[in-house]
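Only one structure is covered here, and it is reproduced in the block below.
The values are calculated or read from the model by the stated rules, or taken from the named source; none is laboratory data. These figures come from a predicted structure and were not determined experimentally. Here the Cβ positions follow ideal geometry from the backbone for every residue, glycine too, while neighbour counts run over all protein chains shown.
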């Protein structure tokens, strides 16, 4: 075996180990299960008052990561009817669920997006500016399955791309020390 083949082999092995390390860090390491409170894990914004209030839910589970404000994903079920929800709570326009790691199998972004597009899932405002520039969004299907995730709002988009914020954006208390981790194909 020549020195060149040995060096090439070593480079391939190092690249594979490094790739595995990066994959593990992105998909497993940063995520933690969210501690369930049992009373206010799922909240929606009331259309009439703008107040945020908990809704009836069961079987809530969620994951989050401190590395990015948009890594939150949650799943639950509710017995509340879609007509009652749509008459009471603020809708959220333009939401698009982000992929979750495969091991968090209750949250399938493609399926949720298809239900939203088909009109069998309705998207509500959980809380605007849950964290500055980030909204918490809740989608609930006709069958009572619910999903929660975070969306970058218009103010967050402007702040992260350097555009002027405008009058509609709330005051920014602290400069975020983490830029949203938005990837083109994984969204992990």
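For region 75-105, the set of residues classified as within 25 Å of residue 52 (Cα to Cα) and in a loop (DSSP other than H, G, I, E, B) consists of 78, 79, 80, 81, 90, 92, 93, 94, 95, 96, 97, 98, listed by residue number.
Residues of region 124-148 being surrounded by fewer than 22 Cβ atoms within 10 Å (Cβ to Cβ), at positive phi and not in a strand (DSSP E or B), which ones?
144
Filtering 122, 72 for residues that are in contact (Cβ under 8 Å) with a residue 12 or more places away in the chain, under 15 Å from residue 34 (Cα atoms) and assigned by TED's automatic domain parsing to the domain that holds residue 135 leaves a single hit, 72. From the residues in region 78-104 that are out of contact with any helix residue (DSSP H, G or I) (no Cβ under 6 Å at 6 or more places or on another chain) and farther than 19 Å from residue 42 by Cβ, which one is modelled with the lowest pLDDT? Among those that are out of contact with any helix residue (DSSP H, G or I) (no Cβ under 6 Å at 6 or more places or on another chain) and farther than 19 Å from residue 42 by Cβ, it is 102.
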